[in-house]
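K.L.:
Questions regarding the structure given below will be posed in turn.
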Amino acid sequence: MGDNLKERTAKGLFWGVLNNGTTQVLNILIGIFLGRLLSPEDYGIVGVLTIFTVIAGNLQSSGFTQGLVNLEAPTARDYNSVFWFNVLASVSIYVILFLAAPLIARFFHEPRLINVSRFVFLGFFISSFGIAHNAYMLKNMMNRELAIVGLVALVISGTAGIIMAFRGWAYWSLACQQIIYITMLNIGRYYYVPWRPQLKIDFGPVREMFSFSIKILFTNIINTLSQHLLTFIFGRLFTIKDVGNYSQANNWNSKANLFVSGAIGQVAQPVLVEASTDKERQQRVFRQLLRFAAFLSFPIMLGLTLVGHEFILLTIGEKWLQSIPLLQILCVGGAFMPFYTLYQNLSISMHRSDIYLWCNLVQIILQISIVLLFSHFGMKVMVVVYTLFLILWLSVWQWFARRLIGLRFRHALLDVLPFFIIAAATMIFTWLLTHWISNNILLLISRVIIAAGIYFIILKIVHAAILEECITFLRKKVGK
């Protein structure tokens, strides 16, 4: 890895971690307030709509964000073309979803969804005005600016959501929070990005990117189905309260794994594209990112599994007791989600959107089949099966990585497995040291401090290179 690229990657990861770390801390605080003020039914009502809003967002952007980032030097004409396509597409999609609201409510046996869905779906229409700007920021690795924009949007929307929930707005507070968040993101993007859309509409660049972007589109939809598959199925098979408990568990799982996935996602594709002319160099970059993901993800996610019980009870209360085992199971699978981010960005950076598409398509077909096969065993078993499948499917992505950059399974395992073993051993040892503590506050604090200390000490003893690199980089930042 060249010094310049290595420095840019390190800087991008630094701001990505800072951005996602700060974002997730704020999300935790906001989630605690909302979890205490709202009921499982409130979360269930908004939760079942997530799959529709995200798929609508996929259709609206149509994979052109990745298309723009993948261009060597996108022009103002390229950004303008994608901007107007997004806006016009979002109008059409919103009209369709507006008319489909009664059908959605009937499918989930919940008439309140008619008005709520029509309001929530406004979010992706509003977001269409900022997609091209977001692509500009990603392409130019404006990670510091992305961090600031995300932070401001989260503070404003979170504060508004808490005030509304306190005033008794129930599930409407969650819906309004989403709309305010998207609106503030767009305002921040327009503030930092110098490019402005022109009234001249030219879909030429969109047509040129179409063959690449259409595969990204279908794959993004498949990814969305995969990520929100259980919420959709549970919404049909179980009560809204049950869906709310799962939605709450999945929210905390997502907050934790996005700390790593989000940081890597901001950096991976631009860096891998820049290194794509040299396969050996690209493999080194990829393995470095792989180790960084394992270094952070395993202790965070397995740690949340360890403290999940006392964390939920202390933060959002006993009314969410049924969500605890679901959270602990999901966190095991969540520990592996950053690797999906890496492998998917690798295929995109190599212009192999076909691999990205078919690998995800087969995945969702198998996921739906396997999960439904175990549906009569109940929600918990379905979550276990879903989690195990997620972990095993990574081997398929690794097989493609070998074809693309020559990365052997053995080398990938050597990059990842030591961190998993150390993190798992740390959590087991921490549990043995603390399981006798009955006070939940003392138990939570003790487990966090002991686990963090043991993990750090073991990595220092074995001279983990990634830890030393992180310490060196932080010292340079502090020294400036």
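The values are calculated or read from the model by the stated rules, or taken from the named source; none is laboratory data. Keep in mind it's a predicted model, so treat the numbers as computed, not measured. Please note: Cβ atoms are built from the backbone with ideal geometry, for glycine as well, and neighbour counts cover all protein chains shown. Ligands, DNA and RNA are stripped out before the accessible areas are found, and what is left, the full protein with its side chains, is counted by its heavy atoms. Shrake-Rupley method; radii C 1.70, N 1.55, O 1.52, S 1.80 Å.
K.L.:
Of these, Arg291, Arg284, Arg236, which one is out of contact with any helix residue (DSSP H, G or I) (no Cβ under 9 Å at 6 or more places or on another chain) and either more than 30 Å from Pro74 (Cβ to Cβ) or at pLDDT 80 or above (or both)? Write out each step before concluding.
P.N.:
Working: Arg291 fails: out of contact with any helix residue (DSSP H, G or I) (no Cβ under 9 Å at 6 or more places or on another chain); Arg236 fails: out of contact with any helix residue (DSSP H, G or I) (no Cβ under 9 Å at 6 or more places or on another chain).
Every option except Arg284 fails the conditions.
K.L.:
Counting only residues that are open to solvent by 60 Å² or more (accessible area, probe 1.4 Å) and farther than 20 Å from Glu72 by Cβ, how many does the stretch 191-224 have?
P.N.:
Within the stretch 191-224, residues that are open to solvent by 60 Å² or more (accessible area, probe 1.4 Å) and farther than 20 Å from Glu72 by Cβ number 9.
Quick grid of which residues meet (1) open to solvent by less than 50 Å² (accessible area, probe 1.4 Å); (2) in contact (Cβ under 8 Å) with a residue 60 or more places away in the chain:
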residue	(1), (2)
Phe311	yes, yes
Leu314	no, yes
His351	no, yes
Ile364	yes, yes
Gln398	yes, no
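K.L.:
Which numbered condition in (1) open to solvent by 60 Å² or more (accessible area, probe 1.4 Å); (2) over 30 Å from Phe311 (Cβ atoms) is the only one that Ala412 fails?
P.N.:
Status for Ala412: all satisfied but (1).
K.L.:
Can you go through Leu467, Leu404, Leu444, Leu433 and tell me which one is open to solvent by less than 90 Å² (accessible area, probe 1.4 Å) and over 30 Å from Glu310 (Cβ atoms)?
P.N.:
Values: Leu467 fails: over 30 Å from Glu310 (Cβ atoms); Leu444 fails: over 30 Å from Glu310 (Cβ atoms); Leu433 fails: over 30 Å from Glu310 (Cβ atoms).
Matching residue, one of Leu467, Leu404, Leu444, Leu433: Leu404.
K.L.:
The conditions are (1) modelled with pLDDT of 85 or more; (2) closer than 30 Å to Asp78 by Cβ; (3) of a type outside the set (Val, Ile, Thr), and Leu138 fails exactly one of them. Which is it?
P.N.:
Status for Leu138: all satisfied but (1).
K.L.:
I've got another one for you. Any idea which of Ala294, Ala249 is on the phi < 0 side of the Ramachandran plot and touching an Asp or Glu at 6+ places or on another chain (Cβ under 8 Å)?
P.N.:
On the way: Ala249 fails: touching an Asp or Glu at 6+ places or on another chain (Cβ under 8 Å).
Answer to the check: Ala294.
K.L.:
Condition first: closer than 24 Å to Leu49 by Cβ, assigned to a helix (DSSP H, G or I) and open to solvent by 20 Å² or more (accessible area, probe 1.4 Å). Can you find one or more residues in the stretch 136-150 that meet it? Give the derivation first.
P.N.:
Within the stretch 136-150, the subset closer than 24 Å to Leu49 by Cβ is 150.
Filter once more, so that each one left must be assigned to a helix (DSSP H, G or I): 150.
Now drop any that are not open to solvent by 20 Å² or more (accessible area, probe 1.4 Å), which leaves none.
Checked the stretch 136-150: no residue is closer than 24 Å to Leu49 by Cβ, assigned to a helix (DSSP H, G or I) and open to solvent by 20 Å² or more (accessible area, probe 1.4 Å).
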